[in-house]
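Only one structure is covered here, and it is reproduced in the block below.
The values are calculated or read from the model by the stated rules, or taken from the named source; none is laboratory data. Everything numeric in this text was worked out from a predicted model, so none of it was measured. Heads up, the Cβs are rebuilt from the backbone with ideal geometry, glycines too, and the neighbour counts pull from every protein chain shown.
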Amino acid sequence: MKKLALLVLLLALSAPSFCIEIKGRIIDERYFPVPNISVVSSKGGGDKTDKYGNFVLNAESFPIDILLYDYSGNIGVIYKNVNTQNPEMFFFGLQASRNINTEIMKIEFPAIPQGRSAIIKFVSDDVFSCDDVFASAGDKMKVLTILFPAYQTRLNGKVIYLEKTSTSFDKYYEFPVTVIKESGYIQNVVIDQMSTVSNPGESYVTIYPPAFAYDTKGFSVYADFLSLHRNSEITLNTSDGDIISSKIIVPQTLPYAYRLKVEGRAGYKKGEGFVSYTYSYPGSNLNISTETAAKLDAPQDKYWGVSNNTQFAWDWGSGTGIYVAHFHAFSPAGDFYVVTRERSTNFPKGISNGILDGNEYSWEVSKYTTYTSVDDFIKVRQYANDLAYKAIMTSELRTFRINAF
């Protein structure tokens, strides 16, 4: 009996102990779930995402690296030093349509009078995407293109119609609608004089762009709804140019816990620049912060002789954040992203499983603030929208080769 107990103990000790279960989710940069992505742990084991973007891995211990592969799009991503059991990870560079429903909706409304314009959009608290549509004087009809995940058969939401003059927003309509997958006909929404209308009133937000000299500079102001999906934001104003300050008209009130999202952007001709996101409210004054992108240290531009052991390095850049190094192969085309807290990485050709093939490449580094670690960047998002300042700074673009020719 003692010998049997000893044998069982020895077998237990010799067997691999995968005691950590990692249940994660992969989303694209529009926050859509990404199915059929290969997910591999650096410590062994793998899975494929289901239709909801979910996967399960087992690991003996933390930290681990998690690799993501989409061979149909020839894209790969590695997240370095992961220590969380419930990651929600972006699959960068993917804008695939094969797992997405596309439905068309026709919006009819009374002809817009001279001196007026309107913003029309579908919004929802479900996962979706729909571009803003802008109507000008004389327009009576516009078409919305609504995207949502392939696993959904119906999408509930509202069509918002916001009409303005040069000095005020004075008409707001909303219509509850259900978008039906493959309904076989174009859905139609009619906004007429009998519809319920409210007056959102007018207010202003004053924007002060960065005072530094950039080759390009601008900003956009959005109506952002905290209780709806983050893709529900409505574009209120977009301005580009060397602007010192600008006073922008915005609605005083809108439903759904309305606030303002201000996107600031600036850049140089070589590609270095930043995009920042600040949140505010009607009546506020807002300075767009200046951000400094990470500077690429090595290798130098047009370097040849790169191998799997070549180290790609960059400096800190402004703020606290994580880095996403993007490597692009020209022929055959492929993209690989390295997500790390460190300021260097080896050339990832060896772990790309053929995605980085060929001889000529480019690379750049983006810094995402205000994240303190990779785990902070991939933690499950508790809210429908961001609640604090965010920025993405992008370095210049450099090229390199493996061989001289």
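Descriptive notes on the structure:
- Residues that are surrounded by fewer than 18 Cβ atoms within 10 Å (Cβ to Cβ) and either in the same structural domain as S168 (by TED's automatic domain parsing) or among the aromatic types (F, W, Y) (or both), drawn from region 203-216: Y204, Y208, F212
- Considering residues of region 272-329 that are in contact with a helix residue (DSSP H, G or I) (Cβ under 7 Å, 6 or more places away or on another chain) and over 15 Å from T399 (Cα atoms) only, the residue surrounded by the fewest Cβ atoms within 10 Å (Cβ to Cβ): N308
- Test: residue in region 48-56 that is polar (S, T, N, Q) and at pLDDT below 95: no
- Candidates F122, F219, F175, F134: the one that is part of a strand (DSSP E or B), hydrophobic (A, V, I, L, M, F, W, C) and surrounded by fewer than 15 Cβ atoms within 10 Å (Cβ to Cβ) is F134.
- Residue match in region 150-167 (condition: more than 23 Å from T253 (Cβ to Cβ) and without any contact (Cβ under 8 Å) to a residue 24 or more places away in the chain): no
- Residue in region 362-370 that is surrounded by fewer than 17 Cβ atoms within 10 Å (Cβ to Cβ) and not acidic (D, E) present: yes
- Residue in region 101-115 that is assigned to a strand (DSSP E or B) and free of Cβ contacts under 8 Å to residues at least 40 places away in the same chain present: no
- Annotation note: of S42, S14, the sole residue that is modelled with pLDDT under 95, small (G, A, S) and under 19 Å from S373 (Cβ atoms) is S42.
- Of Y258, Y268, all but one fail to be touching a Pro at 6+ places or on another chain (Cβ under 9 Å), touching a residue at least 12 places away in the same chain (Cβ under 8 Å) and among the aromatic types (F, W, Y); the exception is Y258.
- Filter result for G273 (within 24 Å of G321 (Cβ to Cβ) and either at pLDDT 95 or above or under 24 Å from the mean Cα position of the chain (by Cα) (or both)): yes
- In region 317-351, the qualifying residues are those that are free of Cβ contacts under 8 Å to residues at least 60 places away in the same chain and in a helix (DSSP H, G or I), and the one that is farthest from the chain's Cα centre (by Cα) is G350.
- Filtered residue count, region 233-270, keeping only those that are part of a strand (DSSP E or B), aliphatic (A, V, I, L, M) and more than 23 Å from the chain's Cα centre (by Cα): 3
- Among the numbered conditions (1) modelled with pLDDT under 95; (2) surrounded by 20 or more Cβ atoms within 10 Å (Cβ to Cβ); (3) not hydroxyl-bearing (S, T, Y), the only one that V374 does not meet is (1).
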